[in-house]
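Written below as structure tokens is the structure these notes are about.
Read-outs: derived from the displayed coordinates by stated rules, not from any lab. Source: prediction; values computed, not measured. Cβ: placed from backbone, ideal geometry, glycine included. Neighbour counts: every protein chain shown.
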């Protein structure tokens, strides 16, 4: 399916989502407390079947959902996206027991997940993670192949002693360190946590763990941010985890993280496109009726050309997002670069469009409660999270040079 041509059913579904967001979700969003999880809104997203669709659909459907919801209710869009981001590693890499325990509640909107990757000194550089996962020395730890406890040599012979497990229990670790700028923290019910299991191994020594919020030693605090959704810091003080909590494979957590981001980065772009379209629609309506200098604003060439530029950039960003999502769904080559391009172009475009919309509206757009005042606060963060714009440029360049070297 060409990325620039949606099926009639998809177009109708997007219109339905915009109507649902305006009529049923926006009133619930307005009753939420800024900086806190709006569980009433999440429950409604679950009742509407939208959370289930996050995990049952492909990247393009996810983009259509996020764009449509963002156009009418950014709070609903963000709530839906964070459910998907936090729980996608469980959906894609979890064991049957992990999936059965958490995914039904996530899709019903009764359990809140969080994606805990970023640290105070390791944000965009996931390979620099410092949260430690140290193997537990308490009784019950396995000491088989690959365990340091099983490498001791025999004192009575020249051959190493045979390796033996001292317990039939699962492998255990203790998590120690910090995470910060974590969406839904500290109110989430469980966290997808990325920790270093092999020191000095860079991205190859990271493991993903599913950590319930009630584990001993796990604490958190809310951070007051520009964005209205909850963001917090987490502290891990010897938090116990076992092999039963691993998502995917030990030391292969970087793949879990990057696979999740490759899916969600284009949809961050879709969120940005939805905001840009809302700002553009408001600007077209305002400049068509606002009278100035003996006519309407749209009669001024400087204004009409500005509006045309806003529309041009918004549509270009939309097409880039759809193309990246379609490439992901088709398993096409170059997905990391396409995803990075989509997020980069769309988020930078949305910043430009919303800023231009504020300028054309004047002071009224900065009044608390105005749509553009709301969008102006919302639009800044996507250029930073899930990899800042500079990181996306780095990914694109890396992929280009890797392709050259492979020729």
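The table that follows gives values for the structure above.
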| quantity | calculated |
| --- | --- |
| Simple spin-label estimate for residue 400 and residue 293 in nanometres, 7 Å along Cα-Cβ | 3.9 |
| Angle in degrees between helix 96-108 and the longest Cα principal axis of the chain, rounded to the nearest 10 | 20 |
| Stokes-Einstein translational diffusion, the stretch 255-406 - Kirkwood Rh over all Cα pairs, 0.692 mPa s, 37 °C, in µm²/s | 200 |
| Net lengthening on full extension, residue 332/residue 187 (0.36 nm per residue, minus Cα-Cα) | 48.5 nm |
| Scaled radius of gyration (Cα, divided by 2.2 N^0.38 Å) that the stretch 8-108 gives | 1.06 |
| Proxy reagent accessibility, fewest Cβ within 10 Å first, across 227, 68 | 227, 68 |
| Burial ordering of 384, 353, fewest other beta-carbon atoms within 10 Å first | 384, 353 |
| Counting all C-alpha pairs of the stretch 302-345, share separated by more than 13 Å (%) | 55 |
| Simple spin-label estimate for residue 243 and residue 214 in nanometres, 7 Å along Cα-Cβ | 2.6 |
| Relative contact order computed over the chain (Cα-Cα under 8 Å; 6+ residues apart), in percent | 16 |
| Mean Cα-pair separation over length for the stretch 8-108, i.e. relative contact order, pairs under 8 Å, 6 or more apart, % | 35 |
| The stretch 228-256 residues near the modelled residue 201 label - backbone nitrogen below 12 Å, point 7 Å along Cα→Cβ | 249-255 |
| Length added when fully stretched, residue 312-residue 373, from 0.36 nm per residue minus Cα-Cα | 19.7 nm |
| Cα-based shape type of the chain, given that a ≥ b ≥ c are square roots of the gyration tensor eigenvalues and the cut on a/c is 1.5 | prolate |
| Footprinting exposure proxy for 271, 190, 293, 254 (fewest neighbouring C-beta atoms within 10 Å first) | 293, 254, 190, 271 |
| Residue 10-residue 92 pseudo-label distance in nm [points 7 Å out on the Cα-to-Cβ vector] | 2.0 |
| Angle between the chain longest axis and helix 8-20 axis [Cα atoms, degrees, rounded to 10] | 90 |
